[in-house]
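K.L.:
Take this structure, written in structure tokens, and hold onto it; I'll ask about it next.
The values are calculated or read from the model by the stated rules, or taken from the named source; none is laboratory data. Only a predicted model underlies this, so the values are computations on that prediction, with no experimental measurement involved. All Cβ positions, even for glycine, are placed from backbone atoms using ideal geometry, and neighbour counts span all protein chains on display.
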Amino acid sequence: MSEHIVPTRVYYLVFLALMVGTAATVWVAYLDLGFANTAVAMGIAVTKATLVILYFMHVKYSSRLTWVVVASGFIWLGILFVLGLTDYLSRGWLPQPGVPRI
Amino acid sequence: MSSAQTGTSAAHAHHPAQAHHFDSLEQQQEASTLGMWVFLANEVMFFGGLLMAYLVYRTWHPDAFAAGSAHLDIPLGAINTAVLIFSSLTMALAVHAAQTSWRRGQIVFILLTIALGTTFLVIKGFEYADKFTHHLVPGPHFEWPDEKLRAPVQMFYSLYFALTGLHALHMVVGIGIMLWLLWMARRGRFSAQYYSPVEVSGLYWHFVDIVWIFLFPLLYLIGAHVRHV
């Protein structure tokens with residue numbers, strides 16, 4: 001089959017990067033960065049996930065159609081989070097009679 | 001691949017694994033991979049609903065979530081993260097072994113993946129047992145010293161058990177799939193011509209790894225700096 005075969009060296013490098021990312025995320029968690037704690041943790045997690053998707057899951061070498069399906073999963077997740085939070089985060093902004101402030 | 005190359009008879013002038021409605025094995029492989037990705041996009045939404053609940057409750061009760069998180073075992077969580085990443089490597093190597101028709105490699109790497117997946121579940125089991133001992137399982141026996149935080153901390157633990165439980169369920173299913181792959185690999189079913197089952201099972205396994213890559217910081221690490229101030 002003419003499928004692209006990823007050299008094992010690439011897998012070992014990605015594995016190394018993922019381990020470094022794990023160590024970094026644990027180390028950063030012990031520092032008090034305020035709001036940035038979550039931002040840094042999620043930044044590292046997104047980077048790690050991207051490495052897994054591109055290399056372990058071969059998306060880097062996959063067809064455009066596969067890219068569209070992969071992206072759609074995360075775009076829908078984004079819609080869920082953004083539209084969901086516009087509701088929940090804005091509930092306390094305007095006082096409404098009879099509705100307790102959250 | 002030319003269709004006559006691996007044909008066993010004149011009537012079936014193509015690879016035995018190729019279904020009749022596909023023009024070629026490449027097309028069949030492409031369809032399998034795409035189908036798996038459609039399923040995984042659904043899985044993203046499956047976990048997404050729970051993550052949305054997590055997001056809402058954490059924005060409402062950041063202190064309770066940090067306090068609840070501080071009772072999770074960071075070393076065990078970190079070890080489990082490393083175990084899962086290691087299992088993703090062995091899974092990727094199993095796919096590579098299939099692509100290069102290396103049967104022994106397929107068997108060894110699938111066995112390693114099963115062993116690492118099982119290690120993860122055993123460690124998770126010890127963590128769950130600890131939560132039962134310390135009355136941190138939501139329900140009538142849930143205990144929390146601070147009366148004001150009890151309800152939101154209980155919500156944190158509800159989400160903890162729902163998210164990690166759903167993830168563990170995926171691991172159990174994944175190990176089942178690996179056992180099936182092992183059986184097929186032993187029978188020499190996978191080769192450079194045909195390895196779709198290993199490839200798509202690998203996609204599933206890596207997806208479960210990705211879920212944990214997010215669960216670990218979201219559940220275990222949000223209270224670490226609070227605990228050590």
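K.L.:
Applying the selection to the stretch B:40-71, what residues are farther than 30 Å from A:G92 by Cα, touching a residue at least 24 places away in the same chain (Cβ under 8 Å) and within 20 Å of the chain's Cα centre (by Cα)?
P.N.:
From the stretch B:40-71, those farther than 30 Å from A:G92 by Cα are B:40-43, B:71; that's our starting set.
Checking the rest, the ones that are also touching a residue at least 24 places away in the same chain (Cβ under 8 Å) come to B:40, B:43, B:71.
Result: B:L40, B:E43.
K.L.:
Residue check: is B:A53 more than 7 Å from chain A (Cβ to nearest Cβ), closer than 15 Å to B:L215 by Cα and at pLDDT below 95?
P.N.:
Details: more than 7 Å from chain A (Cβ to nearest Cβ): yes; closer than 15 Å to B:L215 by Cα: yes; at pLDDT below 95: no.
Taking the combined requirement at face value, the residue does not satisfy it.
K.L.:
Return a yes/no flag: does the stretch B:88-101 have any residue that is buried (at least 17 other Cβ atoms within 10 Å of the Cβ), more than 22 Å from the chain's Cα centre (by Cα) and within 26 Å of A:A23 (Cα to Cα).
P.N.:
No: the stretch B:88-101 contains no residue that is buried (at least 17 other Cβ atoms within 10 Å of the Cβ), more than 22 Å from the chain's Cα centre (by Cα) and within 26 Å of A:A23 (Cα to Cα).
K.L.:
Consider A:V59 carefully, then state whether it is surrounded by 13 or more Cβ atoms within 10 Å (Cβ to Cβ), under 17 Å from the mean Cα position of the chain (by Cα) and more than 7 Å from chain B (Cβ to nearest Cβ).
P.N.:
Working: surrounded by 13 or more Cβ atoms within 10 Å (Cβ to Cβ): yes; under 17 Å from the mean Cα position of the chain (by Cα): yes; more than 7 Å from chain B (Cβ to nearest Cβ): yes.
Yes: the conditions hold for A:V59.
K.L.:
Yes or no: A:T47 surrounded by 12 or more Cβ atoms within 10 Å (Cβ to Cβ) and modelled with pLDDT under 95? Give the steps one after another, and end with the answer.
P.N.:
On the way: surrounded by 12 or more Cβ atoms within 10 Å (Cβ to Cβ): yes; modelled with pLDDT under 95: no.
For A:T47, the condition - surrounded by 12 or more Cβ atoms within 10 Å (Cβ to Cβ) and modelled with pLDDT under 95 - is not met.
K.L.:
A further question follows. Select, from B:I114, B:I107, B:I85, the only residue that is in contact (Cβ under 8 Å) with a residue 24 or more places away in the chain, farther than 20 Å from B:H170 by Cβ and among the hydrophobic types (A, V, I, L, M, F, W, C). Outline the logic, then answer.
P.N.:
Numbers: B:I114 fails: farther than 20 Å from B:H170 by Cβ; B:I85 fails: farther than 20 Å from B:H170 by Cβ.
The unique qualifying residue is B:I107.
Table: residues versus (1) in contact with a Leu (Cβ under 8 Å, 6 or more places away or on another chain); (2) within 12 Å of chain A (Cβ to nearest Cβ).
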position: B:G77; (1), (2): yes, yes
position: B:V83; (1), (2): yes, yes
position: B:A97; (1), (2): no, yes
position: B:I114; (1), (2): yes, no
position: B:K131; (1), (2): no, no
position: B:A151; (1), (2): no, no
position: B:Y160; (1), (2): yes, no
position: B:T164; (1), (2): yes, no
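K.L.:
Looking only at residues that are within 12 Å of the chain's Cα centre (by Cα), within 14 Å of chain A (Cβ to nearest Cβ) and surrounded by fewer than 21 Cβ atoms within 10 Å (Cβ to Cβ) in the stretch B:175-218, which one is nearest to B:L89 (Cα to Cα)?
P.N.:
My answer is B:Y204.
K.L.:
Mind telling me which of the residues A:L77, A:L18, A:L65, A:L51 ends up being at the interface with chain B (Cβ under 7 Å from one of its Cβ atoms), touching a residue at least 24 places away in the same chain (Cβ under 8 Å) and assigned to a helix (DSSP H, G or I)?
P.N.:
On the way: A:L77 fails: touching a residue at least 24 places away in the same chain (Cβ under 8 Å); A:L65 fails: touching a residue at least 24 places away in the same chain (Cβ under 8 Å); A:L51 fails: at the interface with chain B (Cβ under 7 Å from one of its Cβ atoms).
Every option except A:L18 fails the conditions.
For every residue, the table says whether it meets (1) within 7 Å of chain B (Cβ to nearest Cβ); (2) part of a helix (DSSP H, G or I); (3) under 30 Å from B:A92 (Cα atoms).
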position	(1), (2), (3)
A:V28	no, yes, yes
A:N37	yes, yes, no
A:I44	no, yes, yes
A:D87	no, yes, no
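K.L.:
For the list (1) under 19 Å from the mean Cα position of the chain (by Cα); (2) of a type outside the set (V, I, T); (3) within 12 Å of another protein chain (Cβ to nearest Cβ), I need the number of the one condition that B:G105 fails.
P.N.:
Answer for B:G105: the failing condition is (1).
K.L.:
While we're on this one: If you go through the stretch B:57-69, how many residues are within 10 Å of chain A (Cβ to nearest Cβ) and buried (at least 16 other Cβ atoms within 10 Å of the Cβ)? Quick ask: steps written out before the conclusion?
P.N.:
So in the stretch B:57-69, the residues within 10 Å of chain A (Cβ to nearest Cβ) come out as B:57-60, B:62, B:66, B:69.
With buried (at least 16 other Cβ atoms within 10 Å of the Cβ) added as a condition, the list becomes B:57-58, B:60, B:66, B:69.
The number of residues fulfilling the criteria is 5.
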